[in-house]
Each structure stands twice: as structure tokens, then as C-alpha cells.
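The structure under discussion appears below in the form of C-alpha cells.
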Amino acid sequence: MTRKEQLQAQLAAEAVTTRQFIKAFPFDNKDYRVHEKSMKIGDIFLHVIDLALWAEMAVTTDELDFEKTGYNPKQLNSEEEAMTYFDECVAKGMKALENTPDSVFDEEWTLRSGDKIHMVSTKEEVVRVAHNQTVHHRAQLGVNYRLLGIPVPPSYGPTADYTDF
């Protein structure tokens, strides 16, 4: 299996789980936060969805500079809107990976805020970090769901709410 096939397989596998979290999302409670220092659940949710686009960004750019790149978050107000947007993000990520020669994955990619460098990695590692971030932020959603009384979907095995996984 080539590296791009491995990355595509991981993106596809995580997308299955993320779709379950999209189905459970409380659109009427997007401003909820577990703590004053925590992100709002709606912001976490959108970030989980957007992370599928990082595969495309990683292989088609050399950096992300937070000081130069504005962020215009998508407004998602229903499960249908969220699922449609997520499917578009996954499709773009998959297509970008499909069209990328393996040699590109060895190229350097930088995450920065102006002169402050947050991370320098290979493009392959950036895609893998995005997958890891998806898992991390889905877990944050799970904590929020639990505190809101929403059944937590399974990720890699049963949860207290879904024991027949």
C-alpha cells in the first residue's frame, strides 16, 4: 500500500466515525462550553469537520500562516448541512491525496503565526497530525455530549451508550 493509500484509508475510516458524531450534534446548543477556557461546542464541531480539508491543504501548500490567512467559519445549522459539508471536505481531501505523488509527502510544510513557527513537518506528517486532531477533538465533543446528556457515539469500540458495537 502506498503512503497516499494509507492516508486515504485513515481519512475514510475516521470519516465513518465522524459522521456518527455529526448525527448526534445538538445544533440548538452550539454556544455550550464545559468551562470558560474551553472552546464552544459549535467551534469544536466545525473544526472536526474542517480537519478533513487539511489533507488538501498539506499537499497543495507549503505553509499556513495564521496572521495571513483569514478564517471564515462555515455556518452549519442542521445535520443535513453539516453532513453535506463534511462529505465535500472528505472528497476534497481524498482527491488531493489521490493526485499527489508520494515524493510530495516528503516536502516540508510549516505552521506559523508570522515569525513564530509552531511546527515544521513533512506534508505526510501534517496529514497524519490532522487525523490525530480529528480524534482528539471528537473526544472533546464526546465529553460535551456526555455533559449535555447526549449519547456518545462509539469510536473504536463500545461506549456507555452503545455497548453492542
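Values in this text are rule-based calculations from the coordinates and carry no lab data. These numbers come from a predicted model, not from an experiment. Every residue, glycine as well, gets a Cβ built from its backbone with ideal geometry; the counts of neighbours run over all protein chains shown.
Things to note:
- Near Ala24, once Lys and Arg are set to +1 and Asp and Glu to -1 for all other residues with Cβ below 14 Å from its Cβ, the sum equals +2.
- All aspartates and glutamates inside 15 Å of Lys23 as judged from Cα atoms, apart from same-chain residues fewer than 8 positions distant: Glu14, Glu79, Glu80, Glu81, Asp87, Asp161
- Qualifying GluC sites (Glu not before Pro) in segment 35-75, DSSP loop, other Cβ atoms within 10 Å at most 16: Glu36, Glu67
- Rh by Kirkwood over Cα pairs, then Stokes-Einstein D for segment 83-165 at 1.306 mPa s and 10 °C, µm²/s: 102
- With helices as the sole contributors, the chain gives -17000 deg cm²/dmol at 222 nm; each DSSP H run of n ≥ 4 counts as -39500 (n - 2.57), and the sum is divided by every residue.
- Cross-link pairs Lys68/Lys116; Lys30/Lys95; Lys40/Lys74; Lys30/Lys74 - those with Cα-Cα distance over 19 Å: Lys30/Lys95
- The chain: angle of helix 123-147 to the longest principal axis, Cα-based, in degrees nearest 10: 10
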